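Right, one structure below, let's go through it.
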Amino acid sequence: MNLSRISLFVAVSLTLSALTGCGDGGDSKDTEGPDSQATAEPKNPNAAGLIKVGDKLFNLPSPLETAFLIEEVGGHFTENLMNGEVDATKYTTKNAQAMNLGIYGADLGYSLIYGQSQKAFTLLATCEKLGQGLGINPSIYTSMMKRFEGNMENRDSLLIMIAQMNSLSDEYLKENESEDVSSLILYGGWVESLYFTTNLTKQLDDPKLRSRVGEQKNSLENLIGLMQQSNSTGQLDNVVTELQSLQTIFNKVEYNYEWVEPETKADKSLTIIKSKSTVNLSEEVLKEITDKITEIRNNLIATTA
Amino acid sequence: MKGLFTLAIIALSASFSFAQCDITADVCQKHITDDFLSDGQHYRALLLTDQVAEFNATLYGGTTYRISACSGTQDGNLLFRVTDKDRNLIFRNVEHKNAPYWDFQLESTMDVIIEAELDPIAGNSGCAVMLIGFKR
């Protein structure tokens with residue numbers, strides 16, 4: 001139904017554009033000039049989650065990627081790193097619900113990777129409540145919970161299901177003109193993942209872990225771009241300001257990059273990207289990042305947010 | 001009058017493209033097979049011929065990613081190329097029969113830019129969908 005409305009809007013917009021463009025006499029050449037080309041551009045950049053061409057789309061790493069890294073470097077499951085608030089109904093504003101859905105989603109992935117399926121199931125129920133508050137199609141969660149219950153011992157299947165659920169809810173939000181909610185969920189997930197990683201560096205001196213923290217310099221740039229795009233009415237000014245403040249610290253991280261010709265293996269549909277990058281993150285900067293992300297994260301999970 | 005008719009066709013075409021997004025997403029999703037986990041994000045752009053959508057991504061070293069890029073109801077309608085931030089070319093699917101997906105194995109973490117545009121043969125407008133998965 002939503003798509004029909006949007007389709008109608010586009011059709012009407014373009015037809016009105018056509019009428020305006022034909023005002024000089026309707027010569028077919030009019031439709032081929034630069035002006036008519038401009039009228040053919042999508043007029044509603046947010047319609048159905050479609051981004052206006054000329055803007056950029058930003059990718060953020062999945063919290064699951066970070067959780068896998070934490071497991072790989074030998075980090076132990078630490079339950080008290082996760083959001084301890086069990087009553088999701090305390091998050092009453094749309095922004096708080098969206099950001100905490102991202103946070104609980106990251107906690108859910110973290111629990112699953114460590115085989116804490118019962119804890120993960122509880123978190124899934126919390127995500128369902130927040131998702132309902134945000135208007136995400138409840139069937140996405142209910143069907144997931146049924147499938148989850150039937151696969152509690154199969155970690156790999158559960159991970160696939162959760163990745164699918166995240167993908168479906170993101171698709172649903174974008175179809176329903178809720179780009180801002182989608183962005184805030186990603187924001188919450190990114191903050192929680194960085195919170196996990198930085199806190200683990202306090203106990204575990206692992207170069208991969210430290211690099212991953214420093215590499216967030218790049219992701220942070222994408223995240224700021226994403227939030228700025230979703231901030232057309234200034235409703236996310238606080239979020240952007242916090243992230244820019246974090247970026248000031250990340251700017252002290254040294255990132256070196258060297259282009260190397262890639263190798264493509266067409267028979268395997270694979271390209272090996274051989275370019276080299278290194279990250280240099282000092283103890284002082286790591287501490288600054290840890291402190292700042294902890295502050296941001298604790299503000300997000302506060303029920304008064 | 002002829003111009004009005006042309007634009008009405010474009011309007012209908014655009015309208016159809018919006019409706020096609022769901023179908024396109026399904027076409028694209030099937031390439032994110034079970035050995036890859038979706039990053040949980042759906043990237044979409046409504047494109048007309050000659051328009052290019054730009055996707056910015058950070059890919060981590062030591063990981064293999066699959067990028068699936070589609071438009072319309074069948075594979076091969078979307079042209080995509082991957083470059084680094086300095087626009088050094090990494091991959092173009094046009095050199096591989098418009099492959100709808102491709103895997104990228106990273107030795108180091110890097111930022112990439114993915115540009116997507118419609119294959120002119122496939123039509124004048126369409127919903128471009130891109131999905132990213134990473135190997136477990």
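The values are calculated or read from the model by the stated rules, or taken from the named source; none is laboratory data. Source: prediction; values computed, not measured. Every residue, glycine as well, gets a Cβ built from its backbone with ideal geometry; the counts of neighbours run over all protein chains shown. Surface accessibility is based on the protein's heavy atoms, side chains included, excluding ligands, DNA and RNA. Shrake-Rupley method; radii C 1.70, N 1.55, O 1.52, S 1.80 Å.
Below, the figures for the structure above:
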read-out: Whole-angstrom gap from the range A:86-149 to the range B:58-118, using each part's C-alpha centre; value: 31
read-out: Relative contact order, percent, the range A:179-305 [alpha-carbon distance under 8 Å, six or more residues apart]; value: 28
read-out: Contour minus Cα-Cα distance for A:ASP291 and A:GLU149 (0.36 nm per residue); value: 47.3 nm
read-out: Peptide A:236-243, shielding by other chains (average Cβ, 10 Å cutoff); value: 0
read-out: Exposure ranking of B:ASP103, B:ASP35, A:ASP205 by accessible area [1.4 Å probe, largest first]; value: A:ASP205, B:ASP35, B:ASP103
read-out: Accessible surface, per residue, of the range B:2-135 when the full set of protein chains is kept, probe 1.4 Å, Å²; value: 35
read-out: Out-of-range pairs (alpha-carbon distance over 23 Å; input A:LYS56/A:LYS217; A:LYS217/A:LYS287; A:LYS56/B:LYS30; A:LYS146/A:LYS174; A:LYS268/B:LYS135); value: A:LYS56/B:LYS30; A:LYS146/A:LYS174
read-out: Per-q log10 I(q)/I(0), the range B:2-135, q = 0.16, 0.20 Å⁻¹ (Debye; single scatterer per alpha-carbon; no solvent); value: -0.77, -1.14
read-out: Potential extension, A:THR303-A:GLN118 segment - 0.36 nm per residue separation minus Cα distance; value: 64.2 nm
read-out: For the range A:252-266, 3J(HN,Hα) per residue [Karplus equation, 6.51 cos²θ - 1.76 cosθ + 1.60, θ = phi - 60°, Hz, x = Gly/Pro]; value: 7, 7, 7, 10, 10, 9, 9, 6, 10, 4, x, 10, 10, 10, 4
read-out: Under 25 Å from the Cα of A:LYS90 - lysines, other chains or at least 8 residues apart; value: A:LYS119, A:LYS129, A:LYS292
read-out: Within straight-line cross-link reach of A:LYS202, aspartates and glutamates at Cα separation under 12 Å, skipping those fewer than 8 residues along the same chain; value: A:GLU283, A:ASP291
read-out: Cα centre as origin, Lys/Arg/Asp/Glu Cβ charges: the range A:126-273 dipole, Debye; value: 380
read-out: Estimated inter-spin distance, A:ASN238 and B:ASP35, nm [label 7 Å along Cα→Cβ]; value: 4.6
read-out: Built amide H within the under 5 Å cut-off of A:THR271, gap 5+; value: A:LYS265, B:ASP103, B:PHE104, B:GLN105
read-out: Cα-centre dipole for the range A:157-209 with unit charges at Cβ (Lys and Arg positive, Asp and Glu negative), debye to 20; value: 320
read-out: Local electrostatic count at B:GLY40 - Lys and Arg +1, Asp and Glu -1, tallied over other residues with Cβ under 13 Å; value: -3
read-out: The range A:246-305, Rg to Rh (Cα coordinates; Rh as Kirkwood inverse mean 1/r); value: 1.26
